[in-house]
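Only one structure is covered here, and it is reproduced in the block below.
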Amino acid sequence: MNDKTIFEDLEKTKLESFEEETLKKGNLIGWLAVIEGNQKGEAFRLFEGRNVVGSALPSRIILNDSKVSQEHMSIRYRDGRFYLFDLDSDSGILLNGEKVFHGELKDEDEIKIGNTVLLVKFL
């Protein structure tokens with residue numbers, strides 16, 4: 001086994017452990033579906049509490065997009081409402097075409113971060 005394989009196995013183990021802990025923390029509340037970008041067609045689950053989206057760990061939702069910051073944004077569910085927060089990202093967030101730093105989300109909203117467009121779908 002070479003150094004690259006060992007590193008990949010370690011990263012995979014960290015990610016699996018991180019996902020297991022995240023799944024234990026809350027109930028499923030919706031999805032983010034990639035409608036434009038490198039991962040078009042993929043969907044990511046959203047859970048109660050804080051859902052961080054970025055390009056690397058410790059983000060729970062990881063996008064393969066060079067214009068997305070490591071921890072780009074978070075989506076939070078609180079008191080029956082959904083909120084979006086920019087986590088001091090380099091390229092910002094567009095919510096339904098308008099630049100925002102935070103805001104309330106509605107079902108079917110579109111979020112653009114980097115070159116990725118996400119469709120919000122709540123239960």
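The values are calculated or read from the model by the stated rules, or taken from the named source; none is laboratory data. Note that this is a predicted model, so its numbers are computed, not measured. Cβ atoms come from the backbone with ideal geometry, glycine included; neighbour counts cover every protein chain shown. Please note that ligands, DNA and RNA were not included when accessible areas were found on the heavy atoms of the full protein model with its side chains. Shrake-Rupley method; radii C 1.70, N 1.55, O 1.52, S 1.80 Å.
Computed quantities for the displayed model
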{"quantity": "Residues (among the charged types (D, E, K, R) and touching a helix residue (DSSP H, G or I) at 6+ places or on another chain (Cβ under 7 Å)) located in the stretch 50-106", "calculated": "Arg60"}
{"quantity": "Strands (runs of 3 or more DSSP E) contained entirely in the stretch 62-123, each with at least 3 residues that are farther than 14 Å from Phe44 by Cβ", "calculated": "73-78, 81-86, 93-95, 98-100, 102-105"}
{"quantity": "Residue count for the stretch 78-103, restricted to those that are open to solvent by 70 Å² or more (accessible area, probe 1.4 Å) and either under 19 Å from Arg60 (Cβ atoms) or modelled with pLDDT of 95 or more (or both)", "calculated": "7"}
{"quantity": "Count - residues of the stretch 38-57 that are open to solvent by less than 20 Å² (accessible area, probe 1.4 Å) and either of a type in the set (A, V, I, L, M) or not in a strand (DSSP E or B) (or both)", "calculated": "3"}
{"quantity": "Arg60 open to solvent by 50 Å² or more (accessible area, probe 1.4 Å), out of contact with any Pro (no Cβ under 9 Å at 6 or more places or on another chain) and either touching a residue at least 40 places away in the same chain (Cβ under 8 Å) or more than 13 Å from Leu118 (Cβ to Cβ) (or both)", "calculated": "no"}
